[in-house]
Amino acid sequence: MRLQDKVYETYKTHVNSHLEENRIGAMTLKEAVENSPLNRGTLEKTVHIPKVFDEETAEQFKEIVQTGCRIFGKVIREYREHEDYRRLFPFSKELEELILLPAQYDSLLPIARLDIFYHEDTREFQFCEINTDGTAAMFRDVELRKALIYNPAHRAVEQAFELEPFELFDSWVKTFLSIYETYPKKKERPHVAMVDFLENATLQDFEEFERSFEKAGISCETCDITELEYKNGALYSPKGNRIDAIYRRAVTADIMANYDKVTDFLNAVREDAVFIAGSFATQIIHTKWLFYVLHLDRTKSFLTEEERAFVETHVPLTVEFSPEYITLEEVFARKNDFILKPMDAYASKGVYASGREYSQEDWEKTAADLYGKGYICQKYCEQYLTDNIDFAWGDGAWHPYINMPGLYAYNGEFTGILMRMACEENIIVAHENERTAAVFLVKGVKE
């Protein structure tokens with residue numbers, strides 16, 4: 001039995017043999033989470049058994065990130081260098097102009113999260129999506145780990161195994177500053193701004209990142225991207241501070257939707273008046289259209305044999321949900337084989353689960369309504385299920401939960417995991433059926 005399986009069985013055995021103790025502990029944990037920074041606007045919920053991976057699995061995650069990011073880097077370079085390749089992507093003229101701005105630094109993909117369907121029993125996996133712009137949710141793991149002090153099963157596991165958390169804040173600051181060092185206009189101590197549309201922002205993340213930047217001796221503030229001011233060749237925050245470097249959390253789709261409201265920010269970027277990570281070239285990887293382009297012969301022409309096999313095995317077939325690519329009749333006839341997603345969205349917005357969740361009549365109506373309206377049609381990937389129990393927000397009974405690890409990649413290197421689950425569902429819908437589990441790496445068995 002693998003070490004991570006032994007840890008899981010230890011959790012499960014303790015819960016079953018100390019059911020009431022764990023139920024009481026879970027209610028205390030629930031109160032702690034509800035009184036924590038995780039309860040701002042939308043409460044982040046969890047399950048009773050956190051997620052533990054062993055070093056063998058972590059090594060595979062490292063390989064997935066390295067191979068994936070190497071391929072993504074090649075795609076970005078090909079897009080920037082060849083007009084015929086650019087025509088394969090559905091970007092507007094305005095967005096293409098931003099993507100093609102000269103590179104400021106030696107990194108093609110500063111930050112990303114690779115969400116995968118990972119089967120722990122077989123070690124097989126397929127990609128769900130790639131997040132670059134606005135990669136978030138690092139803070140969830142921090143607070144959920146704190147709350148585990150009230151979980152009796154977790155305390156028992158900690159006594160038996162060496163558990164180690166992943167660290168996602170100081171490591172990003174170190175990565176950000178190392179990339180900034182390659183910027184020709186770098187300053188010794190830059191003033192950093194983290195920018196987003198603050199009504200959409202994960203402010204808990206920003207507050208923690210501010211602490212990490214300041215711990216590294218770097219001044220930092222969080223700014224609404226619409227309130228930046230560009231004047232006399234410099235970009236200023238609403239507080240009047242000159243900004244030298246930007247950590248961009250505003251997703252490209254939101255920027256393009258509010259194009260006229262972010263003129264100062266865009267002009268500063270165009271004129272290279274400020275360092276920005278990540279650049280708009282990351283949208284090439286963020287768009288869900290990427291999966292379609294990855295399978296084209298044009299992309300395979302510049303990939304190695306190993307990389308082509310990686311794409312064919314792990315990237316689900318994807319097409320635009322329109323007459324040019326697939327017929328409605330095929331989607332009607334194979335309703336359990338497809339999932340429908342918006343071309344460019346995040347946080348599970350507008351995702352329609354596979355036909356498994358619909359009657360034939362409802363699926364046909366839903367599909368017909370979305371046909372030709374900016375959606376993609378993607379092959380449905382089978383989910384991996386593990387039993388878990390939720391005393392705090394659920395019914396306190398064991399249920400199968402689908403698992404989706406999101407692999408954080410800082411400058412192409414695996415750094416940590418966002419672990420999301422959902423009870424007996426076909427998809428995870430953010431802030432609805434979603435549960436986030438704290439994640440640990442098991443290093444060994446205690447003597």
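The values are calculated or read from the model by the stated rules, or taken from the named source; none is laboratory data. Bear in mind the structure is a predicted one, so any value in this text is a computation, not a measurement. Because the Cβ atoms are built from the backbone with ideal geometry, glycine has one as well, and the counts that use them run over all protein chains shown.
Things worth noting here:
Okay, residues lined up against (1) surrounded by 20 or more Cβ atoms within 10 Å (Cβ to Cβ); (2) touching a Gly at 6+ places or on another chain (Cβ under 9 Å); (3) among the charged types (D, E, K, R):
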residue: ASN258; (1), (2), (3): no, no, no
residue: THR263; (1), (2), (3): no, no, no
residue: ASN267; (1), (2), (3): no, no, no
residue: ARG270; (1), (2), (3): no, no, yes
residue: SER279; (1), (2), (3): yes, no, no
residue: THR282; (1), (2), (3): yes, no, no
residue: LEU290; (1), (2), (3): yes, no, no
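- Pick from segment 5-48, criterion farther than 29 Å from VAL445 by Cα and among the acidic types (Asp, Glu), ranking: modelled with the lowest pLDDT: GLU44
- Here GLU59 passes the criteria (1) under 26 Å from the mean Cα position of the chain (by Cα); (2) assigned to a helix (DSSP H, G or I); (3) touching a residue at least 60 places away in the same chain (Cβ under 8 Å) except the one numbered (3).
- Considering ARG145, ARG211, the condition of being in a helix (DSSP H, G or I), under 30 Å from SER17 (Cβ atoms) and either modelled with pLDDT of 95 or more or in contact with a strand residue (DSSP E or B) (Cβ under 6 Å, 6 or more places away or on another chain) (or both) is satisfied by ARG145 alone.
- Hits in segment 31-53 (condition: acidic (Asp, Glu) and surrounded by 18 or more Cβ atoms within 10 Å (Cβ to Cβ)): GLU44
- Segment 152-172: number of residues that are among the charged types (D, E, K, R) and touching a residue at least 40 places away in the same chain (Cβ under 8 Å): 4
- Note on segment 316-337: residues that are surrounded by 19 or more Cβ atoms within 10 Å (Cβ to Cβ) and either out of contact with any Lys or Arg (no Cβ under 8 Å at 6 or more places or on another chain) or modelled with pLDDT of 90 or more (or both) amount to 3.
- Of everything in segment 86-126 that is part of a helix (DSSP H, G or I) and in contact (Cβ under 8 Å) with a residue 24 or more places away in the chain, the residue that is nearest to GLY68 (Cα to Cα) is ILE99.
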